[in-house]
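Report on one structure; see the data block that follows.
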Amino acid sequence: MLKGFREFIMKGNVLDLAVAVIIGAAFAQVVNAMVEAVLMPLISALVGSPNFDSFAVLTVNGNDIRFGVLLTALVNFLLVAAAVYFAIVLPMNRMIEARNRRLGIDPTEEEADAQVQLLTEIRDALRRRT
């Protein structure tokens, strides 16, 4: 029983997943720090408030419906997405393109599935008939 468990734990994909989770958690702190310490103060300087929680509050029967909280969450999501894109995805894509150019690798279009090609030919033939 312990031998099977040890083999399961020592598989590469389990260890890779564990490393990915740990790195992801550490990287989340970097992204959050960038959003909270850099981007949100910039927005606060422009708008005058670090969040929109008090914006668009509607009171119905003594209950506050706060649309601003949703707006703050949406802005935070967009800021995190922008931070990830511009700080990670864009530079990584440029590095991959530079490496591919250096190695002479051309991005080629993937071969279409035979069934997709056949269906495309049938569609085109039907269009010509009408």
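The values are calculated or read from the model by the stated rules, or taken from the named source; none is laboratory data. Not measured: the values here are computed from a predicted model. Here Cβ is always computed from backbone atoms with ideal geometry, including for glycine, and neighbour counts include all displayed protein chains. All accessible areas refer to the heavy atoms of the entire protein, side chains included, with ligands and DNA or RNA removed. Shrake-Rupley method; radii C 1.70, N 1.55, O 1.52, S 1.80 Å.
Computed from Cα atoms, the angle from the helix 114-129 axis to the main principal axis of the chain rounds to 90 degrees.
Which percent of the accessible heavy-atom area of the chain goes to carbon and sulfur, probe 1.4 angstrom? Working shown, then result.
On the way: 7200 of 11120 Å².
C and S fraction of accessible area: 65 percent.
Computed on the chain, with alpha-carbon pairs under 8 angstrom and 6+ residues apart, the relative contact order is 14 percent. With all protein chains kept in place, the per residue accessible area of the range 1-108 amounts to 80 square angstrom at a probe of 1.4 angstrom.
For the range 1-108, compute the orientation-averaged projected area of the C-alpha convex hull (one quarter of its surface), in nm². Present the calculation step by step, with values, prior to reporting the outcome.
Details: hull surface 57.3 nm².
Here the figure is 14.3 nm², rounded to one decimal.
Averaged over residues, the count of other Cβ atoms within 10 Å places the peptides 37-49, 78-90 in the sequence 78-90, 37-49, highest first. The charge dipole of the range 1-108, taken about its Cα centre with unit charges on the Cβ atoms of Lys, Arg (+1), Asp and Glu (-1) only, comes to about 500 debye.
Spin-label pair residue 101-residue 124: with each label point 7 Å from Cα along the Cα-Cβ axis, the two points sit 3.3 nm from one another. Among the GluC sites (Glu not before Pro) in the range 60-130, those placed in a DSSP loop whose Cβ has at most 10 other Cβ atoms within 10 Å are 109, 110, 111.
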